[in-house]
Each structure stands twice: as structure tokens, then as C-alpha cells.
Amino acid sequence: MRVLATGGAGYLGSTLVPLLLSRGHEVTVVDRFFFGAEHLPPEEPGKLRKIRDDIRWCDGELFEGHDAVVDMAALSNDPAGAIDAWKTYEINYLGRSRVARLAREAKVARYLVTSSCSQYGFQEGILTEESPPKPLTAYARANVLVEKDNLPLATPEFCPTAVRFSTLYGLSPRMRFDLAVNGMVLGATRTGKIPVMRDGKQWRPFLHVRDAARAILTVLEAPVEKVRGAVFNVGSDDQNYQVGTLADVVAGAMRSPPTLEWYGDVDARSYRVSFEKVRRELGFTPELRPPDAVREIESALVSGALQPTEKTMTVEWYRHLLSNDVASQSVALRGVVL
Ligand SMILES: NC(=O)c1ccc[n+]([C@@H]2O[C@H](COP(=O)([O-])OP(=O)(O)OC[C@H]3O[C@@H](n4cnc5c(N)ncnc54)[C@H](O)[C@@H]3O)[C@@H](O)[C@H]2O)c1
């Protein structure tokens, strides 16, 4: 397949792109490269193209000749969305709606949008794809809206799918330490203390980033009848953790046992999710667990192979890009910083 990946240089994208290439797919990355592009494999004719552009205004011709679009470009979590609710609406909702329509006009057969389980907000019980969304943030609202707009675009020739990911973790070429497991390992390695968001009782599903990339591949390669217009929660039933318990799991996998350090106000979000549908319909089950990520991240930090630069803290990096100093420099595209 020829796959166009928006946001393909991000945390998830930079794990997905090498996987797609290894399966013989040809990839075009369309990304603002807010976190750079150098961590992706080098461009190679007939294999990988990297295009610096913005999903809000890129040319529709870019989509022509592709078989699938994986739409990952976004301000990519609740705190990043809170920096600027309008930008979140504009990129995560209007931008990705635009991408789906352009893909359909360009006769791309498949379209997959990466949504999030965070749209369940605060709810008791085990939530399925049929549970009502209760979005509490600009980021979560944009995910609800983009699913509502993009899935009804389904036709016999156009197959849109939404995957609602759990919170991701694990090592990726574009590393993020603003994700729970990854941040815990960084804190423990640097200070011997695991930062845990109060009060630790909130439930959240988790998934390794390489399993997330594999799930995308599974959807792209699934029979269209199984995925056309469909939504899948993606994660694993046994990786629904209360954050305090997760911290204990992380602590238990570290070489020297850290202590816990509480921070923040009590989290308003708490949701436990069922992943029965993706298992039943597509046979997808995750292979990795948080201790796998703890070991790989700890080793990379201790060996110095992984440097926790400013860019690995997504929200801080976006704030930096928005600061006046940077506004006039090369990160701006057509005069727009973000
Ligand atoms: N990381 C998680 O825990 C998680 C969980 C659930 C869903 N998701 C979803 O997965 C997707 C990828 O997340 P991620 O963790 O890789 O985030 P990321 O921030 O690492 O990557 C997002 C990428 O999108 C690019 N981008 C942002 N705005 C753009 C625009 N207007 N035009 C073109 N490119 C733009 C950025 O440069 C970046 O490379 C997002 O849609 C996110 O909502 C992520």
C-alpha cells in the first residue's frame, strides 16, 4: 500500500513509519515537524517521502495516488489542548475533518483517525464503544467531533475507521516524557522518586506504543467490511490501571526501588475500558506490558542513548514554540507558529 501519514513524525508516527516500511508499504509523511524529522528514517524514492506541511491548508493533490491515510496530526493530549482550545479545535477537529474529505475526494480507499479513550471522561463501570462520550477537555471534545464527522463519510469506495487509543507508553524515536509511564521512569531514574498524579485512584487504560502501531497496521490490513465506519477501543483489558497501582508496577520493574512523590490536584478523569471488540473483530491483542517499557526506557536513560531534551515534554515545547523568540524563526510555516 501507499500510505500517507499525517503527524507521522510524532511519538506514535515515528514508531509506525518504520513498521509500515518493514512491511513493504510506501509512506508519505505530512507533518509540521514541530518535534523535528531527523528521528525518522532517511527519505528514499519509492519508500519514504517527508513533506513539511499543515493539515489545515495542505494541497489536496498530496493525497492522490495513496491507498490509505493514517491521520495522527494533533495537539496530542489534554494539557497540550488546554494551551489553546481554539488551536485544538482547528487542528484536531477541523484539520482532521478536512483530511478525511480530501482523502475521499482523492479516491484513497482507507482512512484511519487516531482518537482517544480520554473522551470517556469520568465514568464508572467498564466502558465500551457504545458508552456515551463525556469529554472533559478541548482535546477530548475534538476527538468526539472528528469521529462524528469522519465516520459517516463511509461509502462502498471509502472506508473510514476510528481507533480510540489508551494512554500510550514506551520508547519511541520521537520520545515523550509527558506520558504517565514514561514520566514515572524518568523521575525514578533522575531523582529516585516516581511522580504520581493525585490521588492515584483514577482509572486509565494503557498501551505500549509498538502495540498501538501494530493495531494501526491490523486495521489497515483488515477486510474493509470489518472496519468501514467502525470505532475500536484499542488497548488490553488487563492494562486498565489505577494510577497509584501503575506507579507500584513501574517501581517494581526498576533496578533500584524508587519512592512515590504525589503532585497536582485530584484528576477529574477516570475511565476503565473494554477491548473486547478489537479482540473479537480483528483478533488484536497487545503483546507488551508496562514493565517492558520500564526496562527499555531505564536502560536507554542510564546508557545515555536517550536524552530527555525539552522537546520530549510536549506541552512545554509547544509553549516554547509559541514564545516570541521562536515565532520569528523557522518553525513558523506561512507565518503561523502553531
Ligand atoms: N500518545 C498517546 O498517549 C495517545 C493516546 C491516544 C490517542 N493519541 C493520538 O495519537 C495521535 C498521535 O499522538 P502522538 O503521541 O504521536 O503525538 P505527537 O505530539 O508526538 O505527534 C503529533 C504530530 O503531529 C504533528 N502536527 C501537529 N499539528 C499539526 C498540523 N496542524 N499539521 C501537520 N502536522 C501537525 C506534530 O508535528 C507531531 O509530529 C494523536 O492524534 C493523538 O491524539 C495519542
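We did not get these values from a lab; they are worked out from the coordinates using the rules stated. For clarity, every value in this text was computed on a predicted model and none was experimentally measured. Every residue, glycine among them, receives a Cβ derived from its backbone with ideal geometry; neighbour counts consider all protein chains shown.
Observations on the structure shown:
- Fewest-first sequence of 237, 31 by Cβ atoms within 10 Å of each Cβ: 237, 31
- Mean separation of Cα contacts under 8 Å (6+ apart) over length of the chain, as relative contact order %: 18
- Neighbour counting of Cβ atoms within 10 Å sorts the residues 224, 209, fewest neighbours leading, into 224, 209.
- Potential lengthening between residue 122 and residue 148 on full extension [0.36 nm per residue; Cα-Cα distance subtracted]: 7.3 nm
- Rounded to the nearest 0.05, the FRET efficiency derived from the C-beta distance between residue 101 and residue 201 at R0 = 35 Å is 0.25.
- The amide H of residue 165, built 1.01 Å from its N in the peptide plane, has 115, 116, 117, 234 as neighbours under 5 Å, considering only residues 5 or more places off or on other chains.
- Of 34, 232, the sequence from fewest to most neighbouring Cβ atoms within 10 angstrom is 34, 232.
- Amide H contacts for residue 111 (H built 1.01 Å from N in the peptide plane; partners 5 or more residues away or on another chain; cut-off under 5 Å): 69, 159, 161.
- With helices as the sole contributors, the chain gives -10000 deg cm²/dmol at 222 nm; each DSSP H run of n ≥ 4 counts as -39500 (n - 2.57), and the sum is divided by every residue.
- Only beta bridges with both residues in segment 10-137 are counted; by DSSP, about 10 percent of them are antiparallel.
- Each residue of segment 44-58 was assigned a 3J(HN,Hα) from its phi angle through the Karplus curve 6.51 cos²θ - 1.76 cosθ + 1.60 (θ = phi - 60°); the sequence is 8, x, x, 10, 9, 10, 10, 10, 8, 7, 10, 5, 6, 9, 5 Hz, with glycine and proline shown as x.
- Measuring r between the beta carbons of residue 22 and residue 324 and using R0 = 51 Å, the FRET efficiency lands at 0.75.
- Relative to the current alpha-carbon distance between residue 265 and residue 155, full extension at 0.36 nm per residue lengthens the span by 35.0 nm.
- Amide H contacts of residue 230 (H built 1.01 Å from N, under 5 Å, at least 5 apart or other chain): 162
- Mean separation of Cα contacts under 8 Å, 6 or more apart, over the residue count of segment 179-338: relative contact order %: 31
- Positive-pole candidate from 131, 118, 172, dipole of segment 105-238, charges at beta carbon: 172
- Under 22 Å of direct C-alpha separation, and excluding same-chain neighbours fewer than eight residues apart, residue 134 reaches these lysines: 87, 148, 201, 277.
- Note that segment 62-67 has calculated 3J(HN,Hα) couplings of 4, 7, 4, x, 9, 9 Hz, one per residue in order, obtained from phi through the Karplus relation 6.51 cos²θ - 1.76 cosθ + 1.60 (θ = phi - 60°); glycine and proline are x.
- Charge-dipole axis of segment 212-338 as Lys and Arg at +1 and Asp and Glu at -1 on Cβ define it, positive-most pick from 303, 246, 336: 336
- Fraction of antiparallel bridges per DSSP, the chain only, in percent to nearest 5: 10
- Using a simple spin-label model with pseudo-atoms 7 Å out from Cα toward Cβ, residue 94 and residue 225 lie 4.0 nm apart.
- Net length available on complete extension from residue 136 to residue 305 is 57.1 nm, with 0.36 nm assigned per residue and the Cα-Cα distance removed.
- In nm, spacing of pseudo-spin labels at residue 1 and residue 287 (7 Å Cα→C-beta vector): 1.9
- Calculated FRET efficiency for the pair residue 334/residue 237, C-beta based, R₀ 41 Å, to 0.05: 0.35
- Net charge dipole size for the chain [Lys, Arg +1 and Asp, Glu -1 on Cβ; Debye, nearest 20]: 40
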